[in-house]
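Report on the following structure.
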């Protein structure tokens, strides 16, 4: 479906319908369509990184080991998290009503990161530049996906985070390799980070 989009065979409406965008992703597609159009105009392949919401929920509910390997779509066991990442996820978990045990929640997040790392590593053959767009929580401080890429021998990914031009503030040390300014938006703009792999 993504190949058909890049080849010009689908309209925006068909892309959103076939990808089940609203059910699987939910974010306003207008935030992403300029990226999709840029890829289409320049014939740049697009690959899906995310795991299905149903699998993510099941992993959070049951845990990685309880889901049979053939139902995990080939996702390998994730690497153990760094201490700071575990602590940040614990704060997120503690701020929400508990629907599962913390370790199961953590394992689901790590598996989500590992799945995206697997997809990025698979797309980075032949030493090509690969750019991944994902939520900020998956990459801050080179944790999450960036950390999981080490299993694939990719040890120096670059992270690039957006910064609203009207919220200029000192950089947090180690947050990302670089920040870029965006025109002020009426809604939060930290919906994605960029990860580059060579």
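The values are calculated or read from the model by the stated rules, or taken from the named source; none is laboratory data. Given the structure is predicted, the values throughout are model-derived calculations rather than measurements. Heads up, the Cβs are rebuilt from the backbone with ideal geometry, glycines too, and the neighbour counts pull from every protein chain shown.
If you go through the range 60-76, how many residues are surrounded by fewer than 13 Cβ atoms within 10 Å (Cβ to Cβ) and more than 21 Å from the chain's Cα centre (by Cα)?
Number of matching residues: 5.
Do the conditions hold for residue 47, that is, is it over 23 Å from residue 130 (Cα atoms), touching a helix residue (DSSP H, G or I) at 6+ places or on another chain (Cβ under 9 Å) and modelled with pLDDT under 90?
Taking the combined requirement at face value, the residue does not satisfy it.
Any idea which of 23, 13 is out of contact with any strand residue (DSSP E or B) (no Cβ under 7 Å at 6 or more places or on another chain) and either outside any helix (DSSP H, G or I) or modelled with pLDDT under 90 (or both)?
23
Filter the range 127-142 for residues that are part of a loop (DSSP other than H, G, I, E, B) and touching a helix residue (DSSP H, G or I) at 6+ places or on another chain (Cβ under 8 Å) and give the result.
Scanning the range 127-142 gives a single hit, 139.
Answer yes or no as to whether residue 79 is within 30 Å of residue 155 (Cα to Cα), at pLDDT 90 or above and surrounded by fewer than 16 Cβ atoms within 10 Å (Cβ to Cβ).
yes
State which residue pairs qualify: first residue at positive phi and inside the range 80-107, second residue at pLDDT below 85 and part of a helix (DSSP H, G or I) in any location, beta carbons under 9 Å apart, and separation of 6 or more residues or different chains.
Listed by first residue and then by second, the contacts come to nothing, as the list is empty.
Of the residues that sit in the range 12-27 and are on the phi < 0 side of the Ramachandran plot and surrounded by fewer than 11 Cβ atoms within 10 Å (Cβ to Cβ), which one is farthest from the chain's Cα centre (by Cα)?
Residue satisfying both the conditions and the ranking: 13.
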